[in-house]
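The structure appears below as structure tokens.
A short reminder: the numbers here are calculations on the coordinates, not readings from a lab. As the structure is a computational prediction, the values presented were derived from the model and not from experiment. Quick reminder, even Gly has a Cβ in these numbers, built from the backbone with ideal geometry, and neighbours come from all protein chains shown.
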Amino acid sequence: MKLYVKYLAILFNSQMQYRMSFWLLTVGQFFVPFSVFAGLYLMFQRFGQLRGWSFFETALCYGVIHLAYSLAECFARGFDSFSGMIVRGDFDRVLVRPRSTELQVLGSQFEFTRLGRMLQGAVVLAWALYKLPIAWDAAKAATLALMIACGVLIFAGIFILFATMCFWTVQGLEIANIFTDGGSEMAQYPLNVYRKWVVVFFTFVIPFACVNYLPLLYLLGRADGPPVRYMLQPLAGMLFLLPCLLVWRLGVRHYRSTGS
Amino acid sequence: MRAYLSVWRLRFLQGMQYRTAALAGIATQLFFGLVFIMVYVAFYEQGSSGSNFPLQDLVSYVWLQQMFLTFIMLWFRDNEIFELITTGNIAYELCRPCGLYPFWFAKLIGQRLSSAALRCWPILAIVLFLPRPYRLSPPPSLAALALFAASLLVGLFVVVSVSMLLHLSVFWTLSPTGSTLMVSVAGEFFAGTVIPVPLMPAWLQRVCDFLPFRWAADFPFRVYSGQISTGEALWGIAAQLAWIAGLVAVGMLSLRRAMRRVVVQGG
């Protein structure tokens, strides 16, 4: 853990060397998803509601998933750009050091400019929470925190999974975008707008529904059944991360250097 | 002219080499298209608010967007050109016996065209046979189809002339990330890629009318579904040509200004 903090400090210093470009990118990152949110707002302005969901309820959905996604992009960037490490042969160096490979790859990059994007998600989330009449108590607050934290874990798991593929393919795969960009794009709407097969896939295979839609039902007081069942749903995110890490271990054992 | 055509052809063939990348792209675009349509279907259940833009036309709009994504996306850019400018290798480029502007223009067109040619046919083959309401419906008449093809092609030139300006801006900023990012995001929004232009409020549609972005994406897609009638479509193509003339003139002028003060460091 201490080592990871040190990694972060070094990366932060190195990115701050290009100060102007850093701030421009951060501001730019703030506005990229802004157009998507503007689109969401305009659609609601026109149609009023979405299968019984109001604008602010959907905005809550949006805020949770985008906050989680941008945090994951910040932290797990090393896995996201892992194919470069394999191509350059830098992974050999990682293997000879006496620390776990996960930690080193995680610490190899950290995208501080994504903070802009994170801020945007946080602003939307705060706005939605402010406007929604939710009777807050400790359990609900804990659920919300758990949703975001476990959302980060799911995205991180996807990054790790596709980084592992690089052990075999060397090149990164564009198809990963379906699950990262596509996942956040999809989960920003309440999941009941989709067809059954989409919902099933994103509940039981990649559990986006468990960190977003299902616990939100409880937060908004739409759930029936015992609340504990909904509160503990986000933990599925942790369950998702485990096999990803296992596959990663398997990949590391399988690794053959490109020799460059 | 022959030189530019062969530049275009080379770029085209080079782009055709990346077949696996295209396959992954096809899967991604099918997924995104399906998700968008499901969301719109849910919105449309709300009743008559979308009556000026029937669902069937909207579905065609989404699929055409996905098929010709590389025709309309502004972030689709040539890093080679950026590198030429920032590293100073542009000196070699200047030695060539042809104009820089048409040379790069041909290059950019070739890139976009090859990538679209690889992707659009498989997507078309799939989306024509999807169950309703996800199926892409054929255009109402042959005239609409012909006008669609014409306006799409002319639209490609509009996008590339905007994109040329973005590339040229690097002569002044020397860093392609910040400035191009902002313009691309705004441009794509006004081209109707986030939500279709007909679903925007009236005042935003007015704004779109006065910007070039809509003419490259939104306009041909609505010609396809017959939303824009034949006569209007002909006027639209005239507007597209006017935009191209204006943008190319600005681009060539700024390139000339940039060339006058370009500094190539040795090394």
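Tabulated data for the structure shown
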read-out	value
Candidates B:V39, B:V127, B:V154, ranked by Gaussian network fluctuation over chain B, Cα under 10 Å, top entry	B:V39
Charge dipole of the protein assembly as shown about the Cα centre (unit charges at C-beta), most positive-ward option of B:C208, B:S161, A:F22	A:F22
Net dipole in debye of chain B [+1 Lys, Arg Cβ; -1 Asp, Glu Cβ; about Cα centre; nearest 20]	660 debye
Under 5 Å, built H, 5+ apart or other chain: amide partners of B:S137	B:S60
Peptide-level mean, for A:37-49, of C-beta atoms on other protein chains within 10 Å	5
Least to most buried among A:C61, A:C244 (fewest other Cβ within 10 Å first)	A:C244, A:C61
Computed lengthening from A:F31 to A:Q45, 0.36 nm per intervening residue step minus Cα-Cα distance	3.0 nm
Calculated on alpha-carbon atoms, Rg and Dmax of region B:2-260 in Å	19.0, 62
Linear extension gain, B:L165 paired with B:A242, 0.36 nm per residue minus alpha-carbon span	26.1 nm
Chain A: angle of helix A:19-47 to the longest principal axis, Cα-based, in degrees nearest 10	30 degrees
For region A:63-75, 3J(HN,Hα) per residue [Karplus equation, 6.51 cos²θ - 1.76 cosθ + 1.60, θ = phi - 60°, Hz, x = Gly/Pro]	x, 4, 6, 6, 4, 5, 5, 5, 4, 5, 5, 4, 7
Hydrodynamic radius (Kirkwood) for the protein assembly as shown, which is based on Cα pairs only, to one decimal in Å	25.1 Å
q = 0.09, 0.11, 0.13 Å⁻¹: log10 I(q)/I(0) that the Debye formula gives for chain A, counting C-alpha atoms only	-0.44, -0.65, -0.89
Residue mean of other protein chain beta carbons inside 10 Å, A:11-24	1
Helix axis angle, B:19-44 relative to chain B longest principal axis, alpha carbon, degrees	40 degrees
HN-Hα J in Hz across region B:229-237 - Karplus 6.51, -1.76, 1.60, θ = phi - 60°, x for Gly and Pro	6, 4, x, 4, 5, 5, 4, x, 5
Full-stretch length increase - B:A186, B:L10 - with 0.36 nm per residue and alpha-carbon distance subtracted	60.2 nm
Residue among B:I37, B:I72, B:I126 with the largest mean-square fluctuation in a Gaussian network model of chain B, springs linking Cα atoms under 10 Å	B:I126
Value of D in µm² per second that Stokes-Einstein yields for region A:89-195, Kirkwood Rh from Cα pairs, at 37 °C (0.692 mPa s)	192 µm²/s
Integer Hz, Karplus 6.51/-1.76/1.60 couplings in order for region A:180-197, x for Gly and Pro	8, 4, x, x, 6, 4, 6, 7, 6, 9, x, 5, 6, 7, 8, 6, 3, 5
10 Å Cβ neighbours from other chains, averaged over peptide B:200-213	1
Mean Cα-pair separation over length for chain B, i.e. relative contact order, pairs under 8 Å, 6 or more apart, %	28 percent
Peptides A:147-160, B:238-251 ordered by average Cβ neighbours within 10 Å, highest first	A:147-160, B:238-251
Kirkwood Rh, angstrom, region B:80-145 [1 / mean 1/r, Cα pairs]	15.6 Å
At R0 = 25 Å, FRET efficiency that the Cβ-Cβ distance of A:R97 and A:M238 yields, to 0.05	0.40
Least to most buried among A:H66, A:H254, B:H167 (fewest other Cβ within 10 Å first)	A:H254, B:H167, A:H66
Label-point gap, in nm, between A:A223 and B:Y92 - each point 7 angstrom along Cα→Cβ	6.2 nm
Cα-projected label distance for A:W197 with B:A249, points at 7 Å along beta-carbon direction, nm	5.3 nm
Ranked packing of A:111-123, A:130-142, A:95-107, most packed first, by mean Cβ within 10 Å	A:111-123, A:95-107, A:130-142
Förster-model FRET efficiency, 60 Å R0, A:W168 and B:T230, C-beta, rounded to 0.05	0.65
